[in-house]
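A quick write-up on the structure given underneath.
All of the numbers you see were taken from the coordinates with simple rules; none came from a lab. In this text the structure is predicted, and so the values were computed from the model without any measurement. Every residue, glycine as well, gets a Cβ built from its backbone with ideal geometry; the counts of neighbours run over all protein chains shown.
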């Protein structure tokens, strides 16, 4: 089955956090956190449509300026979702620069600030020298930030002595085409298959008509007929991203619920269990705790990162500690 998404950490485990998710069918990508991202190709960064910031400690936010510079003058917009204070944080970054030669730039930043129960929004328009424009009405926050036909992004607030957002990226179901059956019926590949998938995702009736272009004509099929003959529907992918949170009962319950059944669980593992007091003092997780959370959430794969530099050349101990706990029998 060909996946709809591909995810990977943009830096090594000792470097700034950041997760890149490529959305194949939309030639689009999203970012969880914007730590240093100079190592990434410009072409990949310019596919980013949405940024989800866990919190604005420097190692999670320093790459914002680099992205801003790349997007200027390219006629693209960018959405940023973040914790309480993100609108003022971005306003401060924008005010640090002089914007006297941008009258013909169409770039706009849309920023959404996520509190426990509300989403506050503001816009910054480049040709208006990024003057802040507050949206008049807040919207309720009930756990979901984006809910599109192809995927959904959910978030929870975790305790890092400040609010730190954790995110889950998921698709309800995955659609694949039986190409051998297409050939059997003499049906072509093409844009009509994307329309077919869209109709399925938005819940169109099985009686809905689908036009299929042939060599010299067009044939009409019912959606239900095509679903039965050439479509395979399977469980969708799920990716969860957790950084910078102390291990306590409330955080653990939130993380396990958010990550439940994930295909890949990206989780910080900043300290070894032998340094658990340091982890508590710094409001971070240990590698053993990351493994426990992954096991209890019944994820398929655990990827740990965000290691303390004190473990340089000792990273195998972190991986072993997390893996041993993840694989431990209940």
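Could you give P(r) for the range 1-162, binned at 10 Å from zero, as whole percent values over all Cα-Cα pairs?
The calculated distribution, bin by bin, is 9, 39, 39, 12, 1, 0.
Tell me the Kirkwood radius of the range 258-299: reciprocal of the mean inverse pair distance over distinct alpha-carbon atoms, in Å.
Details: mean 1/r = 0.0949 Å⁻¹.
The Cα-based Kirkwood calculation yields 10.5 Å.
Running a GNM on the chain with Cα contacts under 10 Å, which residue among 279, 290, 259 ends up with the highest mean-square fluctuation?
With Cα springs under 10 Å in the chain, the top fluctuation among 279, 290, 259 is at 279.
Roughly speaking, what is the stretch gain from residue 314 to residue 147, that is 0.36 nm per residue apart minus the C-alpha to C-alpha distance, in nm to one decimal?
On the way: separation 167, 0.36 × 167 = 60.12 nm, distance 4.07 nm.
Residue separation times 0.36 nm, minus the Cα-Cα distance, leaves 56.1 nm.
Could you tell me how far the Cα centroid of the range 72-123 sits from the Cα centroid of the range 140-217, in Å?
Computed from Cα coordinates, the inter-centre distance equals 28 Å.
What percentages, rounded to whole numbers, describe P(r) for the range 170-301 computed over all alpha carbon pairs with 5 Å bin width beginning at zero?
Here the calculated profile for the range 170-301 is 2, 9, 16, 14, 9, 7, 7, 8, 8, 7, 6, 4, 2, 1, 0.
Compute the acute angle (0 to 90°) between the alpha-carbon long axis of helix 287-296 and the principal axis of greatest extent of the alpha-carbon atoms of the chain; round to the nearest 10°.
It works out to around 40 degrees.
If a/c stays under 1.5 just call it rounded; otherwise compare a/b with b/c (prolate if a/b is bigger, oblate if not). Do that for the range 173-235, with a ≥ b ≥ c from the square roots of the Cα gyration tensor eigenvalues. Provide the component values of the computation, followed by the final result.
On the way: a/c = 1.85, a/b = 1.30, b/c = 1.43.
Oblate shape, in that a/c is at least 1.5 and b/c is the bigger or equal ratio.
Which residue fluctuates the most in the chain, going by a Gaussian network model with Cα springs under 10 Å, if the choices are 219, 209, 76?
Comparing 219, 209, 76 in the GNM, the peak value goes to 219.
Of 271, 71, 52, which is the most mobile in a GNM of the chain whose springs link Cα atoms less than 10 angstrom apart?
71
Stretch residue 118-residue 296 to full length: gain in nm at 0.36 nm per residue minus the Cα-Cα span?
61.1 nm
Compute from the Cα atoms of the range 77-147 the Rg and the Dmax, the latter being the longest Cα-Cα distance, and quote both in angstrom.
12.9, 41
Mind pulling up the Rg/Rh value for the chain? Radius of gyration and Kirkwood radius, both on Cα.
Working: Rg = 22.2 Å, Rh = 21.7 Å.
Ratio of gyration radius to Kirkwood radius: 1.02.
In terms of the ratio Rg/(2.2 N^0.38 Å) built on C-alpha atoms, what value belongs to the range 236-284?
On the way: Rg = 11.9 Å, N = 49, 2.2 N^0.38 = 9.7 Å.
Taking the Cα Rg and dividing by 2.2 N^0.38 Å, one obtains 1.23.
Using all Cα-Cα distances in the range 39-112, what percent lands in each 5 angstrom bin from 0 up to the longest?
3, 13, 27, 28, 19, 9, 1
What angle do you read, to the nearest 10 degrees and between 0 and 90, between the alpha-carbon axis of helix 191-201 and the longest principal axis of the chain?
Rounded to the nearest ten degrees, it is 60.
DSSP beta bridges in the chain, what fraction antiparallel, as a percent rounded to 5?
Working: 48 of 70 bridges.
Taking every DSSP beta bridge within the chain, about 70 percent pair in antiparallel fashion.
Would you give the gap between the C-alpha center of the range 249-287 and the C-alpha center of the range 232-246, rounded to a whole Å?
15
I'd like the FRET efficiency for residue 234 and residue 97, computed as 1/(1 + (r/R0)^6) with the beta carbon distance as r and R0 of 41 Å, rounded to 0.05.
Working: r = 47 Å, r/R0 = 1.15.
Working from the Cβ atoms, E equals 0.30.
Can you give me the Rg/Rh ratio for the range 253-330, using Cα atoms for both radii and the Kirkwood formula for Rh?
Numbers: Rg = 11.8 Å, Rh = 12.3 Å.
Rounded to two decimals, Rg/Rh equals 0.96.
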